[in-house]
Each structure stands twice: as C-alpha cells, then as structure tokens.
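Have a look at the structure below before the remarks.
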Amino acid sequence: MGDAGPCVLDARDLRKAYARAGSPVEAVRGVSLRLLEGDFVAVVGPSGCGKSTLLHLCGGMDVPTSGSLAIGGVRISGLGDDRLTDLRRRRIGFVFQFFNLLPTLTALENISLPLLLTGEAPAQAAARATALGARVGLSGRLDRFPRQLSGGEAQRVAIARAVVHDPMLVVADEPTGNLDTATGARILELLADLNRERRTTLLLATHAADVARAARRVLYMRDGTIEREERCGHAAV
C-alpha cells in the first residue's frame with residue numbers, strides 16, 4: 001500500500017457471545033484486526049461463521065463481550081450511548097445488503113441525511129449530496145424515492161450515503177449479495193474506486209470469492225475465528 005497511514009481500527013481479542021437456549025454461544029472468538037488508512041479488507045466465510053457479527057463490532061453497532069476496540073484512536077469500551085452514536089455518525093459509514101434506505105425520503109435526502117445529523121446546513125448538505133450523487137452515476141435519479149429505483153441504483157444511494165460525510169471507515173456487509181452478477185460487479189468497482197480516491201478504509205464481508213478478490217487483504221473466517229490471511233497484491237492506493 002505504500003507508506004503506512006494512521007491506524008483507523010485496532011481490534012484486539014474481540015469476543016462476542018449470545019445466550020441461546022440458556023447457554024452462551026460465541027459468534028466471534030478472539031479476533032484481532034488492525035486496519036490502516038486506505039486499507040481495503042474483505043472478510044470471507046460461509047453463512048454463520050461470524051463475519052456479520054465481526055463487522056457490527058468493528059462498526060460500533062454492537063459491543064464486544066470482551067476484548068478491546070479503538071476507532072481512530074478512540075476506545076469504544078466505556079463510551080456512553082451519546083458519544084458512541086456521535087462516533088458512528090462522524091467516523092463510520094455503513095453499507096448493507098438490503099440497502100436500508102428510508103422509504104419516505106428521496107435519493108438526495110437519503111444521501112444528505114448523515115450531514116444533516118451532524119449539523120451541516122441543509123443547503124450545503126444538499127450541494128455535497130448532489131455532487132456525490134453525480135459521481136456515483138445517479139444524476140437525474142436523485143429526486144426518486146427508493147421504491148422507484150432499481151437494486152443497483154438503491155445500492156449506489158446507500159454507498160453515497162455511507163461516504164458523503166468523509167468517514168475514516170466504511171463497513172459493508174454483503175453489499176452485492178442482493179444484486180445480479182453484473183450489477184454487483186459495478187457496485188464493487190464503485191466501492192474500490194471510492195477507496196482509492198478518498199483513501200477511506202473499507203471493511204467488507206462476503207461469502208463470494210470473486211467479490212473478495214477486489215480487496216487487497218482477505219481474511220478467511222470460520223467458526224468465529226480468522227483462520228488465515230491472504231494478500232491479493234493489488235496496486236497501492
């Protein structure tokens with residue numbers, strides 16, 4: 001990747017257990033992970049291996065049972081709900097398989113939302129969202145509601161929403177899993193382009209080997225642990 005950038009995510013011995021039928025089940029078992037600025041890392045594994053749980057922990061959407069996690073040097077453990085919410089709003093972007101767009105907002109309003117939540121003026125937020133919408137190929141579609149968009153268009157809205165506030169980390173959980181092959185390939189190319197252009201650190205979960213090959217590092221996960229890591233040898237950003 002060239003010169004190492006600052007550390008964006010530092011996870012050490014993360015564990016997450018859930019109570020099921022009266023006994024705890026560990027979804028994540030002692031995972032350690034360090035991501036630098038501009039990294040593009042894919043987590044690969046079968047359904048139920050713990051990759052979605054790991055992403056939720058790394059994105060601050062869930063808290064570990066044990067272990068430590070820092071994002072941009074800020075340790076998650078001990079943060080109150082308000083501070084954790086503010087950290088997610090300012091430093092993290094999320095992309096999900098089923099888009100998670102607000103159905104009563106237009107594409108432009110969905111993209112603008114993270115800026116408005118951090119206090120940006122509506123006119124400035126709309127201008128930034130419009131420019132980014134054009135960048136991801138949504139010119140002429142920004143006034144449409146989610147129900148009026150194709151799957152690929154909806155995922156482009158979701159990606160634009162995830163990066164419009166210039167987060168240091170974007171967490172993408174199966175971002176191509178609900179799309180046909182050709183549309184999924186275009187979405188993956190868009191994520192890779194944004195990663196290169198903005199040096200936004202990207203952590204992506206997938207069960208598909210062809211999707212993982214777009215990343216520069218691939219972590220193979222099974223039964224809640226990372227079995228091995230592979231470097232894909234892509235050009236440095």
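The values are calculated or read from the model by the stated rules, or taken from the named source; none is laboratory data. Please read these numbers as outputs of a predicted model, since none were measured by experiment. Glycine gets a Cβ as well: all are built from the backbone with ideal geometry, and neighbour counts include every protein chain shown.
Take the residues of segment 195-210 that are among the hydrophobic types (A, V, I, L, M, F, W, C) and at pLDDT 90 or above: which is surrounded by the fewest Cβ atoms within 10 Å (Cβ to Cβ)? The selected residue is L203.
Look at (1) among the small types (G, A, S); (2) within 18 Å of the chain's Cα centre (by Cα); (3) closer than 20 Å to R161 by Cα; (4) modelled with pLDDT of 95 or more and you find that A125 fails only one, number (2).
Filtered by the rule that a residue be surrounded by fewer than 19 Cβ atoms within 10 Å (Cβ to Cβ) and in contact with a helix residue (DSSP H, G or I) (Cβ under 8 Å, 6 or more places away or on another chain), segment 77-108 gives L79, R89, N100, L102, P103, L105. Restricting L194, L142, L179, L190 to residues that are part of a loop (DSSP other than H, G, I, E, B) and touching a Lys or Arg at 6+ places or on another chain (Cβ under 9 Å) narrows the list to L179.
Residue-by-condition table, conditions (1) within 22 Å of Y220 (Cα to Cα); (2) polar (S, T, N, Q); (3) in contact with a helix residue (DSSP H, G or I) (Cβ under 9 Å, 6 or more places away or on another chain):
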| site | (1), (2), (3) |
| --- | --- |
| P6 | no, no, no |
| S32 | yes, yes, no |
| G45 | yes, no, yes |
| G48 | yes, no, no |
| H56 | yes, no, no |
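If the condition is being buried (at least 16 other Cβ atoms within 10 Å of the Cβ) and over 19 Å from the mean Cα position of the chain (by Cα), then segment 6-15 contributes only R15.
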